[in-house]
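Each reported figure results from applying straightforward, stated rules to the coordinates on display, with no laboratory input. Quick caveat, the model's predicted, so the values are computed rather than measured. Positions of Cβ are generated from backbone atoms using ideal geometry, with glycine treated the same way; all protein chains shown enter the neighbour counts.
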Amino acid sequence: MTRTEAVVTTVREGVAGRTPLRIAGRGNWLSAGRPVSAAKTLSLGDDSGVVSYVPGDLTLTVRAGSTLAEIERVTREHDQWLPLDPFGSDDGTIGATIATASAGPLATNFGLPRDLLLGLEFVNGLGEVVRGGGRVVKNVAGFDLSRLLTGSWGTLGVITEVTLRLYARPKVDRSFAVSLEGSEKSTTALLRTVAASQLAPFALELLNGAAARSLGLGDSAALLIRLGGNAPIVEVQLKALSQVARTEEVEQSTWTEFREIDRGAESVIRISTLPTRFLGTAASILADTQPRVVISINPRRGVMRLVTSGGGEQELMTTVDAGIPVSFPTDGQGAGTSVIFEKLPPEVWPVVSPSVVSDPLSRGIKNAYDPHNILNPGILGD
Amino acid sequence: MTPPSQLNASAVADRLAEIVGDRHVLSRQSELLVYNSDGLPGYRRQPRLAVFPGTRDEAIAVVRLLADEGLPFVPRGAGTGLSGGALADDIIVVGLHRLKEIISLDIDNRRATVESGVVNLRLNKYVAPYGLLYAPDPSSEAACTIGGNVAENAGGPHCLKYGVTLNHVLAMTVVLPSGEVVDLGSKSGEHDGYDLRGAFIGSEGCFGLALEITVKLTPRPQTVRTLLADFMSVDEAARVTSAIIASGIVPAALEFMDGPTIRVVESSIYAAGYPKDAEAILLIELDGLEAGVSADLEVVRQVCVEGGARNVKVARDDAERTKLWQGRKKAFGAMGRLAPHLIVQDAVIPRTRLSDILETIHAISEKYGVVVCNVFHAGDGNLHPNIAYSADDPDESERVHSAMVEIMRACIDAGGSITGEHGVGLDKIGYMEAIFSETSLNAMCALRSVFDPDRRANPGKVVPVHSCREWNAVASARGAASVREPMPLAAEPARPSARSRNLESDLWEDR
Ligand SMILES: Cc1cc2nc3c(=O)[nH]c(=O)nc-3n(C[C@H](O)[C@H](O)[C@H](O)COP(=O)(O)OP(=O)(O)OC[C@H]3O[C@@H](n4cnc5c(N)ncnc54)[C@H](O)[C@@H]3O)c2cc1C
């Protein structure tokens, strides 16, 4: 029996007994998403390994239970990498990363999981094996099931295999911190300069005091930037940056620590909006010198993340408040802000957020792919 | 669903005219000839009616009328598609080229919202003064619409570095075949819930009409350098392509043209100054920050020289660059003049397999006595083998078809895909079962049924009807045998008329 067949068997048993399944990778992120009521856990944590890797093609096909660390190890041997660094650790599985559409700082330059995924295999809620996309870098054959499954949180199918686009490892890859201890006005000026510049960083995050402190970058807000590519390209960018700010080189491991900033968090909220909205508001959000909420802003992606640990509902309201100037501006630009709850205390879920898949199309798709509601029931709300 | 034969065309035309005005409904067969093919002239299907809404509201009203009447329809942009996707077989064409408003441009956030009929190049010209560009650049950019690009998930030479349409569309307003209007995606870029925008992109007109599309814009690169490398063998050029990709440098574009293509282009009005005696050229573009580009340029030049390039020439200025690109972009146009019909494939293969697949293609062309020209997006492994021929010659047609089927087979066997950017449409529907299992095809049908439960939007395209479990269940409940479509494997013998022939060459030459 192949490993995919084993998943098929489990799902079919679930269907036959009408026993819902909790789909799990290595279980690192199980507390995220809305509470799931399932009788049994279907774990893909052991279903790992390379299915096909021809380095010259810069594509990699792996089983969904492969960890990001494993992918890192395999690709590094050929001086390549998968530039996908979701929050959390590299101990997470690629299947879960795709299923939750989780991205991290590198998305600034390399895009979201949807941009790196070339094809996949999954088992739907009827226990059927389905493939979408393929193993080549460009493909429009058939409707796009790869995008459909990305971010579906396991509710449409159990992802068993994925094919990803790889990149060559940059010749140079360096990271720098800029302390934002000046006035709000000077911070805003700096952000505007960076926004208007030709800088093309691999990653760029603004950290509030709490975030900077937890990374050992001092007590003030800070800008964390990663520059990569060939030597001249890193050099010119660094020079340009140094002209407007005092930069201090930091270890690459700072990013690893940054991605683990959620560890033990009670709630994680992501706000996605037009990038310019942060130009005006970031400085004041970052100015709070005694912040209780850990905030990071990616001004290129137009994303702010708010992380709280403990404090329950009260703390949560503070968190949401911190996001308010950005999420509900009155600048007449119309809609275009999404507040995404990645993780909340279980008791808070029903209060703050209704289902995110309640529209007729989403319901129709769920019904078609998992008519018995066997897969992760409730994780996206009902 | 009302079968076309029962369609009271003139009554429907009258009601459509009430919505869009008399001038924008066509019902005479002679007028409809223009719409009987797309960019792939081998296929012809005569529509019953064509309607051209001038506003989004009109488009919605048209779709609602068709929904009320249960009438099937085919969305159409500029009709440059290369898979027969926009063909309407005795049903209604809903043409969207009049929806050409650029609704808003947000320079600072680098995004634009446009109506679906806006022509790709027009958007690019519109945003250029602000130092921005819209990255997906199909070679048909001068004519194709953003709506058509979304429907096909179009690519283009620069997609090697910048990604295809799906990587550049943030949100859409869509009218579903039921007439319901929905917003998909999010203008801010990220949202939770299912990626319905992602599901819609590449749906080839089967999920409804895109009315309004919000796209990401990209800052113009500081520097662009274009190289022309020529080779005395196809194999060397193929190996150099693989070597550049393997080096880790991501060129903005990496295009391939073989000897026969070079000679056709050079003897046409699009002559770009390619060396006529070369067996292959690579057109390589690098862009980004000046310092980085210069360093990469040296590496690429060296890879070319070591790989056997006879000459490596770098365009000195914009004029030279434009000329080099013109030859590439108009190559199909030049080819179209060789013979009345042109058939183009769009398979994608793993990039390490380029050299052996090109060799296989050559062997196949000899076996069938046809001339295959290769001009394609080599950096992505996206082949476009094409053959100019006359569909009026049954023997030649037969050989062309057999050669194309064999080429496709070789690409599939190499682990490739049947289409990288042109879509399945009518043209490649016969290959879908060669790359997808029954359950996979059924999952695609199920997705389509959610968007279009009555199967009225672009029926008969993309997924073979007989592989759709649910539909077959309905058919057998009605006592009908399961539905099987004709599945042409390549262009069918056409019935070219003098009139349509002219239109067609206009289309090709427009680019
Ligand atoms: C010379 C030449 C070169 C080309 N080069 C490239 C290339 O480099 N890369 C590439 O990707 N393609 C290329 N193409 C193919 C073609 O131009 C693209 O597929 C383009 O995206 C089609 O746009 P269109 O507006 O002409 O669409 P049409 O041909 O009118 O329609 C194509 C499909 O889209 C659907 N459709 C159109 N508008 C809408 C809408 N608003 N809502 C929903 N569905 C819609 C139609 O039903 C049909 O299925 C080329 C074509 C030619 C003739």
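Looking across the range A:173-202, the residues that are of a type in the set (Val, Ile, Thr) and either surrounded by 21 or more Cβ atoms within 10 Å (Cβ to Cβ) or within 25 Å of the chain's Cα centre (by Cα) (or both) come down to A:Val178, A:Thr187, A:Val194.
Within the range B:152-173, is even one residue under 22 Å from B:Val20 (Cα atoms) and within 15 Å of the ligand (Cβ to nearest atom)? Yes, that holds for at least one residue. Among the residues of the range A:137-145, not a single one is crowded, with 24+ Cβ neighbours inside 10 Å, within 21 Å of the chain's Cα centre (by Cα), more than 8 Å from chain B (Cβ to nearest Cβ) and touching a residue at least 24 places away in the same chain (Cβ under 8 Å). Checking each residue in the range B:107-122 for being aliphatic (A, V, I, L, M) and either within 10 Å of chain A (Cβ to nearest Cβ) or without any contact (Cβ under 8 Å) to a residue 24 or more places away in the chain (or both) picks out B:Ile107, B:Leu121.
If only residues of the range A:30-74 that are out of contact with any strand residue (DSSP E or B) (no Cβ under 8 Å at 6 or more places or on another chain) and within 25 Å of A:Ser267 (Cβ to Cβ) are counted, the one that is farthest from the other protein chains (Cβ to nearest Cβ) is A:Ser37.
Restricting attention to the range A:340-362, the residues being touching a Ser or Thr at 6+ places or on another chain (Cβ under 9 Å) and more than 9 Å from every other protein chain (Cβ to nearest Cβ) number 5. I'd like to know if the range B:435-450 contains one or more residues that are within 14 Å of chain A (Cβ to nearest Cβ), over 23 Å from A:Lys366 (Cα atoms) and either away from the ligand (no atom under 15 Å from the Cβ) or crowded, with 24+ Cβ neighbours inside 10 Å (or both). Yes, because at least one residue in the range B:435-450 is within 14 Å of chain A (Cβ to nearest Cβ), over 23 Å from A:Lys366 (Cα atoms) and either away from the ligand (no atom under 15 Å from the Cβ) or crowded, with 24+ Cβ neighbours inside 10 Å (or both). Screening A:Leu118 on (1) crowded, with 24+ Cβ neighbours inside 10 Å; (2) among the aliphatic types (A, V, I, L, M); (3) under 25 Å from B:Leu82 (Cβ atoms) shows it passes everything except condition (1). All told, B:Ser139 meets the bar of being more than 8 Å from chain A (Cβ to nearest Cβ), in a loop (DSSP other than H, G, I, E, B) and within 26 Å of B:Ala334 (Cβ to Cβ). Working carefully through the options B:Arg76, B:Arg48, B:Arg64, find the one that is away from the ligand (no atom under 14 Å from the Cβ), basic (Lys, Arg) and touching a Leu at 6+ places or on another chain (Cβ under 8 Å). The match here is B:Arg48.
The set of residues in the range B:158-183 that are farther than 24 Å from A:Asp359 by Cα and in contact with a Ser or Thr (Cβ under 7 Å, 6 or more places away or on another chain) contains only B:Tyr162. How many of the residues in the range B:95-116 are in contact with a helix residue (DSSP H, G or I) (Cβ under 6 Å, 6 or more places away or on another chain) and within 14 Å of the ligand (Cβ to nearest atom)? Of the residues in the range B:95-116, 3 are in contact with a helix residue (DSSP H, G or I) (Cβ under 6 Å, 6 or more places away or on another chain) and within 14 Å of the ligand (Cβ to nearest atom). Applying the set (1) without any contact (Cβ under 8 Å) to a residue 24 or more places away in the chain; (2) within 14 Å of chain A (Cβ to nearest Cβ); (3) within 15 Å of the ligand (Cβ to nearest atom) to B:Gly85 leaves exactly one unmet item: (1).
Suppose the filter is more than 24 Å from B:Gly205 (Cβ to Cβ) and touching a strand residue (DSSP E or B) at 6+ places or on another chain (Cβ under 6 Å); does B:Val405 pass it? Criteria not met by B:Val405.
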